[in-house]
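Undergrad: Below is the structure I would like to discuss, written out as structure tokens.
The values are calculated or read from the model by the stated rules, or taken from the named source; none is laboratory data. A quick note: this is a predicted structure, and the numbers were derived from the prediction, not measured. Don't worry about glycine lacking a Cβ; one is built from the backbone with ideal geometry, like all the others, and counts go over all protein chains shown. Surface areas here come from the heavy atoms of the whole protein model, side chains and all, with no ligands, DNA or RNA. Shrake-Rupley method; radii C 1.70, N 1.55, O 1.52, S 1.80 Å.
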Amino acid sequence: MKKRFSIILVIISLLCWYEISSIANSYFVPSPEDIFLASQEILFGPDFWLDSISTITRILIGFVIGFTLAIVTGLFFEKVLPSSLVPFNAINFFRFIPPLAIVPLVILWFGIGETSKYIIIIFTVFFPTYISTIFGLQNINQKLIWVAKTTGATKIQMVHKVFLPGAMPFIANGARVGIGLAFSVIIAAELAGVYHGLGFRIWLFQSYFRADKLIVYIFLICVYGFIFDLIISKINTNLFFWGEKNEP
Amino acid sequence: MNPELTISNLEKSYLVNGQLIPALQEISFKARAGEFISIVGPSGSGKSTLLNCIAGFVQPTSGLINLNDSSKKRIGVVFQNRELFPWLTVRENVAFGLRLQKNPRVEKITSGMLAKVGLKEFGEHYPHQLSIGMQQRVGIARALSLNPKILLLDEPFSSVDYITRITLQKLIVSLWESLKPTILLVTHDIDEAIFVGERLLVLSKSPGTIKNEFRISLPRPRNQALITTPEFVELKKNILLSFEEELNQ
């Protein structure tokens, strides 16, 4: 029933799209066959792979740095620094900065090159990962910490035997949110200063009035985002099978 | 003989909404090495708090807890809700402390402990794949793997069914007989407290204080038929009578 309903929905949407494109200016509203031709051109063209690799590399580099930084900072604030020294958690204030708002500032400070792209992604990934690290650490079963203490565990042993694995299911969920945001922010960040990337190409197609190719790239971003999300959620369920709880 | 554990005038209060609420008051007792002490009391009598103070998990408000030098840092704990590391296999849970202490005989000791608690075939399972009773066996094996001088059991059998509870009680007694740690078992099950222990302390309701003490001189080895013998019933009656105040509320 549900499946049949979605098929009907897809057909109706395609028909509407076809109808609208036949009356509208095809520069702005390309028809389904325009899109089909454009995607053929893109998939077999020279720029597609380079654009994909450039954008994904930026996201991955920024992600790995932002992710690591967030976990280290989270551990520091939650487990190393005595709570009396954290009267006001500045990070909780700055996390409300929309990543897009810092794009102009980052470009001012770091130029329009690759560095500024990484920094924007780091900034984007940092906060959701940081918040979930803190939350994960606070949710570790106190009794597991006690059990570990009876073995005479050192602080470092506590971190990698109890705190990190205990918080990991939460952290991974934060990372999942982070990677989603990274995909949306990278498009804006690639507005200037680079010559390859999904975002760069989208802005370029806009200036060429190639709505057909632009739409194909938007679709590509969805595909990549979806694949990344799938990979992370697979990792979540396989590696952190006990879920967001520390009690059996 | 030098006592393993001496507790004198222990008090613990908690700050609740700006008010100091006493949980334990004037607790004093001694445990000799290798003794099996059961502690019973109604809910909220601070039984768990007492164990947490002895283990060093919470700081007492006042009073002294003296451990024999050799038993310092050699305390094992088993909690009511198993509290296993869910990301580790059964074997790795038992080996947890040994690995942290870089014990070279970790594999051998772990296998030995798993065999002792009857989980030899379940080493590669994860905690969530086991029944609650089996999980509690893992908890016991993990606590004993470091060969503790003092073993603190915080209502370890209260979440399992009646039959499993009896088998776990017999298991803990046989482990105690072979390894001879000093055991403090907190429970609200009077039958259990008598069945396993050598001495029984009765805590009053909040704030908890020791209001009675019984010596359990029933013969060993004990089996479940014991709980129907006249000696057992007589002892249980006396213990229950010490709860008169709570019972007649």
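Undergrad: Where in region B:158-249 are there helices (runs of 4 or more DSSP H), lying fully within it, with 1 or more residues that are exposed (fewer than 13 other Cβ atoms within 10 Å of the Cβ)?
TA: Numbers: elements: B:162-179, B:190-196, B:230-241, B:244-247.
Ranges flagged: B:162-179, B:230-241, B:244-247.
Undergrad: Out of the residues in region A:176-225 meeting the condition of being under 22 Å from A:I120 (Cβ atoms) and aromatic (F, W, Y), tell me which one is most open to solvent (accessible area, probe 1.4 Å).
TA: Restricting to residues being under 22 Å from A:I120 (Cβ atoms) and aromatic (F, W, Y), the top hit is A:Y195.
Undergrad: Here's a follow-up. With (1) in contact with a Phe, Trp or Tyr (Cβ under 6 Å, 6 or more places away or on another chain); (2) over 30 Å from B:G139 (Cβ atoms); (3) among the hydrophobic types (A, V, I, L, M, F, W, C) as the list, and A:L85 as the residue in question, which single condition is left unmet?
TA: With respect to (1) in contact with a Phe, Trp or Tyr (Cβ under 6 Å, 6 or more places away or on another chain); (2) over 30 Å from B:G139 (Cβ atoms); (3) among the hydrophobic types (A, V, I, L, M, F, W, C), A:L85 is out only on (1).
Undergrad: Determine if region A:10-31 includes at least one residue that is touching a residue at least 60 places away in the same chain (Cβ under 8 Å), within 26 Å of A:T115 (Cα to Cα), touching a helix residue (DSSP H, G or I) at 6+ places or on another chain (Cβ under 7 Å) and open to solvent by less than 70 Å² (accessible area, probe 1.4 Å).
TA: Here is the first cut: in region A:10-31, the residues touching a residue at least 60 places away in the same chain (Cβ under 8 Å) are A:27-30.
Among the residues that remain, those that are also within 26 Å of A:T115 (Cα to Cα) are: none.
Within region A:10-31, none of the residues are touching a residue at least 60 places away in the same chain (Cβ under 8 Å), within 26 Å of A:T115 (Cα to Cα), touching a helix residue (DSSP H, G or I) at 6+ places or on another chain (Cβ under 7 Å) and open to solvent by less than 70 Å² (accessible area, probe 1.4 Å).
Undergrad: Consider B:N93 against the criteria (1) part of a loop (DSSP other than H, G, I, E, B); (2) open to solvent by less than 60 Å² (accessible area, probe 1.4 Å): it satisfies all of them except one. Which criterion is unmet?
TA: Here B:N93 clears every test but (1).
Undergrad: Can I ask one more? Being at pLDDT 90 or above, part of a helix (DSSP H, G or I) and in contact with a strand residue (DSSP E or B) (Cβ under 8 Å, 6 or more places away or on another chain) is true for just one of A:W146, A:W109. Which residue is that?
TA: Working: A:W109 fails: in contact with a strand residue (DSSP E or B) (Cβ under 8 Å, 6 or more places away or on another chain).
The unique qualifying residue is A:W146.
Undergrad: Taking the options A:G66, A:G111, name whichever one is more than 14 Å from chain B (Cβ to nearest Cβ), surrounded by fewer than 20 Cβ atoms within 10 Å (Cβ to Cβ) and farther than 30 Å from B:L153 by Cβ.
TA: Numbers: A:G66 fails: surrounded by fewer than 20 Cβ atoms within 10 Å (Cβ to Cβ).
After ruling out the rest, the residue left standing is A:G111.
Undergrad: Okay, moving on. Would you please list the contacts, defined by Cβ atoms under 8 Å and residues six or more apart or on different chains, that run from a residue in region A:147-158 that is at the interface with chain B (Cβ under 7 Å from one of its Cβ atoms) and within 13 Å of B:V94 (Cα to Cα) to a residue that is among the small types (G, A, S) and buried (at least 17 other Cβ atoms within 10 Å of the Cβ)?
TA: Close Cβ pairs (under 8 Å, with a partner that is among the small types (G, A, S) and buried (at least 17 other Cβ atoms within 10 Å of the Cβ)) amount to A:T151/B:G97.
Undergrad: What's the total number of residues in region B:24-69 that are open to solvent by 20 Å² or more (accessible area, probe 1.4 Å) and among the charged types (D, E, K, R)?
TA: Within region B:24-69, residues that are open to solvent by 20 Å² or more (accessible area, probe 1.4 Å) and among the charged types (D, E, K, R) number 4.
Undergrad: May I pose another question? When the residues of region B:76-127 are narrowed to those that are of a type in the set (S, T, N, Q) and within 14 Å of chain A (Cβ to nearest Cβ), which ends up nearest to B:K170 (Cα to Cα)?
TA: Let us first name the residues in region B:76-127 that are of a type in the set (S, T, N, Q), namely B:80-81, B:89, B:93, B:101, B:103, B:110-111.
From the residues that got through so far, the ones that are within 14 Å of chain A (Cβ to nearest Cβ) too are B:80-81, B:89, B:93, B:101, B:103, B:110.
Values: B:Q80: 17, B:N81: 19, B:T89: 25, B:N93: 22, B:Q101: 30, B:N103: 29, B:T110: 21 Å.
Checked region B:76-127; the qualifying residue nearest to B:K170 (Cα to Cα) is B:Q80.
Undergrad: Among what's in region A:81-97 and is in a loop (DSSP other than H, G, I, E, B) and open to solvent by less than 100 Å² (accessible area, probe 1.4 Å), pick the residue that is modelled with the lowest pLDDT. Explain how you work it out, then say what you get.
TA: The first filter runs over region A:81-97 and keeps only residues in a loop (DSSP other than H, G, I, E, B), leaving A:81-82, A:86-89, A:95-97.
Add one more test, that the residue is open to solvent by less than 100 Å² (accessible area, probe 1.4 Å), and what stays is A:81-82, A:86, A:89, A:95, A:97.
Working: A:L81: 79, A:P82: 74, A:V86: 65, A:N89: 68, A:R95: 85, A:I97: 90.
Across region A:81-97, the extreme among qualifying residues is A:V86.
Undergrad: Any residue in region A:120-141 that is touching a residue at least 12 places away in the same chain (Cβ under 8 Å) sitting within a Cβ distance under 6 Å of a residue that is not in a helix (DSSP H, G or I)? List the pairs, counting only those 6 or more apart or interchain.
TA: A:F127/A:R95; A:I140/A:N246; A:N141/A:N246; A:N141/A:E247
Undergrad: Could you please tell me which pairs satisfy a Cβ distance under 6 Å, a separation of 6+ or placement on different chains, a first residue in region B:145-164 that is on the phi > 0 side of the Ramachandran plot and more than 12 Å from every other protein chain (Cβ to nearest Cβ), and a second residue that is surrounded by 15 or more Cβ atoms within 10 Å (Cβ to Cβ) and among the aliphatic types (A, V, I, L, M)?
TA: B:E155/B:V186
Undergrad: Another question, then. Taking the criterion of being more than 14 Å from every other protein chain (Cβ to nearest Cβ), without any contact (Cβ under 8 Å) to a residue 40 or more places away in the chain and assigned to a helix (DSSP H, G or I), would at least one residue in region A:185-196 satisfy it?
TA: yes
Undergrad: Now a separate question. Take region A:131-144 and flag every residue that is under 26 Å from B:I54 (Cβ atoms) and surrounded by fewer than 17 Cβ atoms within 10 Å (Cβ to Cβ). Quick ask: steps written out before the conclusion?
TA: First, the residues of region A:131-144 that are under 26 Å from B:I54 (Cβ atoms): A:140-144.
Scanning region A:131-144 gives a single hit, A:Q142.
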